[in-house]
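A quick write-up on the structure given underneath.
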Amino acid sequence: NVRTVLNSNMTIGWVKGDEVAINDGEATWKFVAEPSASSNRNAILSPVDAQVSMSEGNTYYALYPYDEHAVWEGGKVTFEIPSVFDPKAGTFPYNPSVSSTTTSSIMFHNICSLIKFSFVSDNVNKVVIKGLGGEYLAGEVTVDCADTTPEALITEGKGICSVTLEGDFSADTDYYVTVLPNDF
């Protein structure tokens, strides 16, 4: 699974099976989320490989969602923020976030901004979002996982200036998409 969910109160919650990459500076492991019974804002992350052992006091870096092609260097991760999505009514299809920790608890920090839109007609099947000034909205980025206000730095020549949602949209329904933060 590759997305968390936007709750009705605009908080972000976990979906059972959400996948997270955790890196110790040398190796990267896949973990899956099991949301708390009391609130989907919290989850237990369990390693897919039962042999994974983490030690309190070591520094670990995390990327949501899990990306097997991500490149880790120290506490930074380079990965691709996609530019094409299927729409998801009432929530977003993708919401990348990062974190670092030296304990058994981890708090993720969003990388992207959220755009909300809706339609008065049912006959929409494609939405393209782009800035008027050629701003990058997606593409290959590097992010410092230890930064509590992470900034995604576009890899030179790898920025994408539009984001596309393609599929069936319903009238009078809110849709959301995440894009790299910009001044538009």
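The values are calculated or read from the model by the stated rules, or taken from the named source; none is laboratory data. Quick caveat, the model's predicted, so the values are computed rather than measured. Virtual Cβ from ideal backbone geometry, glycine too; neighbours counted across all protein chains shown. Surface areas here come from the heavy atoms of the whole protein model, side chains and all, with no ligands, DNA or RNA. Shrake-Rupley method; radii C 1.70, N 1.55, O 1.52, S 1.80 Å.
What residue, among those in region 119-134 that are of a type in the set (Gly, Ala, Ser) and under 26 Å from the mean Cα position of the chain (by Cα), is nearest to residue 169 (Cα to Cα)?
Of everything passing the filter in region 119-134, 131 is nearest to residue 169 (Cα to Cα).
Considering only region 45-81, state which residues are polar (S, T, N, Q) and not in a strand (DSSP E or B).
51, 53, 55, 58, 59
Do you know which of the residues in region 156-184 that are under 26 Å from residue 73 (Cα atoms) and open to solvent by less than 40 Å² (accessible area, probe 1.4 Å) is nearest to the chain's Cα centre (by Cα)?
Filtering region 156-184 for residues that are under 26 Å from residue 73 (Cα atoms) and open to solvent by less than 40 Å² (accessible area, probe 1.4 Å), the one nearest to the chain's Cα centre (by Cα) comes out as 178.
Out of the residues in region 20-67 that are open to solvent by 40 Å² or more (accessible area, probe 1.4 Å), in contact with a strand residue (DSSP E or B) (Cβ under 8 Å, 6 or more places away or on another chain) and acidic (Asp, Glu), which is modelled with the lowest pLDDT?
Going through the qualifying residues, I end up with 49.
Restricting the search to region 63-91, which residues are touching a Leu at 6+ places or on another chain (Cβ under 6 Å) and over 15 Å from residue 154 (Cα atoms)?
Correct list: 85, 87, 91.
Please work out which one of (1) part of a strand (DSSP E or B); (2) farther than 18 Å from residue 15 by Cα is the condition residue 98 fails and give its number.
(2)
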